[in-house]
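The values are calculated or read from the model by the stated rules, or taken from the named source; none is laboratory data. The structure presented is a predicted model; accordingly, all values stated were derived computationally and were not measured. Positions of Cβ are backbone-derived with ideal geometry, glycine not excepted, and every protein chain shown enters the neighbour counts. Surface accessibility is based on the protein's heavy atoms, side chains included, excluding ligands, DNA and RNA. Shrake-Rupley method; radii C 1.70, N 1.55, O 1.52, S 1.80 Å.
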Amino acid sequence: MSFRNDTFLRALRRESVPHTPVWLMRQAGRYLPEYNATRARAGSFMALAQSPDLATEVTLQPLARFPLDAAILFSDILTVPDAMGLGLSFAEGEGPRFARTVRDEASVAALEVPDMAKLAYVFDAVASIRRALGGRVPLIGFSGSPFTLACYMIEGRGSEDFATVRRMAAARPDLLARIVEVNARSVAAYLREQAVAGADALMIFDTWGGMLSSSAFDRFSLATMRSVIEALKGDRASRDVPTIVFTKGGGAWLERLASIGADAVGLDWTVDLASARARVGARVALQGNLDPLVLTTDPQTVAREAAAVVAAAGPAPGHVFNLGHGIVPGTPPENVAALVETVHRASARRA
């Protein structure tokens, strides 16, 4: 498909662009009144995420407000373990939880790649969103990383320190290795089907890889993301779809992340963007990396800090502007408008 605005895809290919493309993690979410209205109409987060029509509606909402350069599928990273039969639910104010965990010999041995038909609602949403976009901008599909999915599968819910996971990594690495291996095959199949349905780029969110030791990161997070990328690049249906990997807290391992075959590496706000470019050169595009809390200040501060990120990225091609993590609830929409306008204006002037 040809796009009226293809700057995002061109930046991923490290080609020259008229302005730095910008999209934002959680750009469809609770900071938008229209999202909250749609979620209330759906009745629950799961009902919203599992309805292709409603997922299409909320995916398009931020693009109606802001001239963003890409859309991202509205879904959740935990759809894959839910399809494995772990019983995902969302309690108001408590986040996700699973009815069943995977942490003993029997549950780990029983784990297997889910039937992708159980995730048809995601693929239907991808197809629906792409039709609705009509070539306006590209659509990003995504998944949680094999290790990040394992964190929730083992703990059964979110955690401040994922202590059970880290103990397993030390005391029973064989069990954790089995979980992430099955997850890697599942994620590869899941992302492939998103590509078949029409996703124009694919992103892997490694939200919790940064809490691991260096050796554990290599084994349980990096190696499994590499296997996913290799599977996608080796499949005719997905080999030409650009990929992005993002490890929150992974700045120390930037060179390793740049070596696994993805087209771009996402950076959180703790990484100096100019130094990151010096470290990886032109091997990959870089995505990031404004602190999302900057968006909770005021438009003038947002504009100043966004311009500083654009300047740090430098004139070389291959930068996608994003936050260092997702938009937080309570972010004023007018600050997002100031951000997008500043990125486009400052980067166009530089070009």
Checklist line | Residues of the range 254-297 satisfying the condition of being part of a helix (DSSP H, G or I), within 17 Å of Pro315 (Cβ to Cβ) and touching a Gly at 6+ places or on another chain (Cβ under 8 Å) | finding: Leu273, Ala274, Ala276, Arg277
Check: Do we find that Val241 is of a type in the set (Val, Ile, Thr), open to solvent by 10 Å² or more (accessible area, probe 1.4 Å) and in contact with a strand residue (DSSP E or B) (Cβ under 9 Å, 6 or more places away or on another chain) in this structure?
Finding: yes
Next item on the list: Return the total of residues in the range 298-335 being at pLDDT 95 or above, open to solvent by 30 Å² or more (accessible area, probe 1.4 Å), part of a loop (DSSP other than H, G, I, E, B) and over 19 Å from Pro62 (Cβ atoms).
Entry: 1
Check: Does Val22 meet the test of being open to solvent by less than 20 Å² (accessible area, probe 1.4 Å) and either of a type in the set (A, V, I, L, M) or closer than 22 Å to Val336 by Cβ (or both)?
Finding: yes
